[in-house]
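Here is the structure we will look at, set down as structure tokens.
The values are calculated or read from the model by the stated rules, or taken from the named source; none is laboratory data. Owing to the predicted nature of the structure, the values given are computational and were not obtained by experimental measurement. Here the Cβ is made from the backbone with ideal geometry for all residues, glycine too, and neighbour counts use every protein chain on show. Accessible surface areas use protein heavy atoms only, side chains included; no ligands, DNA or RNA. Shrake-Rupley method; radii C 1.70, N 1.55, O 1.52, S 1.80 Å.
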Amino acid sequence: MDSLIAKQSAIMDKYDPEKKLLIAVDEWGAWLSPTPGSNPGFLQQQNSLRDGILAALNLNIFARHADRVKIANIAQMVNVLQAMILTDGSKMVLTPTYHVFRMYVPFQNAQFAPVKFAAGELAVGDRKLPRVDAMAAKDKSGQVWVSLVNVDPDAGTSVTIPGFRTASGEVLTAPKVDSVNTFAAPSVVAPKAISGKAAGGGVTITLPPRSVTVVKVTK
């Protein structure tokens, strides 16, 4: 997604340097195998912690390209593809993707704040990925919020944010990267409280493996 937006932005910057036109990511999200037993044409699929992490990474990408990306719509919200909600008659279950969107509410109408960070590297076969992704923004009250995504399925890590003394918020993780919420077990993947510890000239946050963390930081 990042390379697609960057390539399109570069072309638009050439012909529209004043950025009068926007990029609309009209549909995005995972398209996986349909849920066993469901109608394949309905495109219903389960939603795991992995998909919540995917959602967070995409939201961070959109934020970093906020000068161009003004519209980005996940496909789709209920029962289809990377849904936030699954229903069965009167029953409803919230997916990991839902929890990420709810955790990211503080970033709505906030001002993007560029961050520099040492991502580390995760090797998967012959591919290498950044181990950690980060994004920050300041809301209308001046409060700074930070998103930290640890894509490593097996190892946790610690992140120190200099210049701040406290950090508190929520973390989304689960026993396995493919853990899911079901109607029988709706809270296998659910946010929990997390906080940081003052260390030296900053605040240190311990990120569990396979996790999405959103915290507010204060000086």
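One table, with the values for the structure above:
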| read-out | value |
| --- | --- |
| Subset of the stretch 101-123 [closer than 21 Å to Lys140 by Cα and not aromatic (Phe, Trp, Tyr)] | Arg102, Met103, Val105, Pro106, Gln108, Asn109, Ala110, Gln111, Ala113, Pro114, Val115 |
| Residue selected from the stretch 135-154 under the condition among the hydrophobic types (A, V, I, L, M, F, W, C) and open to solvent by 10 Å² or more (accessible area, probe 1.4 Å), by the criterion farthest from the chain's Cα centre (by Cα) | Val144 |
| Every residue from the stretch 25-50 that is exposed (fewer than 12 other Cβ atoms within 10 Å of the Cβ) and either in a strand (DSSP E or B) or touching a His at 6+ places or on another chain (Cβ under 8 Å) (or both) | Asp26 |
| Checking Asn73 against (1) under 19 Å from Val132 (Cβ atoms); (2) open to solvent by 30 Å² or more (accessible area, probe 1.4 Å), the condition it does not meet | (1) |
| Number of the exception - Ala123 against (1) more than 29 Å from Thr182 (Cα to Cα); (2) surrounded by 13 or more Cβ atoms within 10 Å (Cβ to Cβ) | (2) |
| Selected residue (only one of Thr206, Thr173, Thr157 is under 19 Å from the mean Cα position of the chain (by Cα), hydroxyl-bearing (Ser, Thr, Tyr) and open to solvent by 80 Å² or more (accessible area, probe 1.4 Å)) | Thr206 |
| Tally of residues being open to solvent by 40 Å² or more (accessible area, probe 1.4 Å) and free of Cβ contacts under 8 Å to residues at least 60 places away in the same chain across the stretch 51-65 | 1 |
| Filter result (part of a strand (DSSP E or B) and either touching a residue at least 60 places away in the same chain (Cβ under 8 Å) or under 13 Å from Gln108 (Cα atoms) (or both)) within the stretch 124-146 | Val132, Asp133, Ala134, Met135, Ala136, Ala137, Lys138, Val144, Trp145, Val146 |
| Filter result for the condition that a residue is open to solvent by 40 Å² or more (accessible area, probe 1.4 Å) and not polar (S, T, N, Q), over Pro191, Pro186 | Pro186 |
| Residues that are under 29 Å from Ser9 (Cβ atoms) and assigned to a loop (DSSP other than H, G, I, E, B), drawn from the stretch 84-109 | Met84, Tyr104, Gln108, Asn109 |
| The lone exception for Leu22 - which of (1) open to solvent by 40 Å² or more (accessible area, probe 1.4 Å); (2) in contact with a strand residue (DSSP E or B) (Cβ under 8 Å, 6 or more places away or on another chain); (3) under 30 Å from Pro191 (Cβ atoms) it fails | (3) |
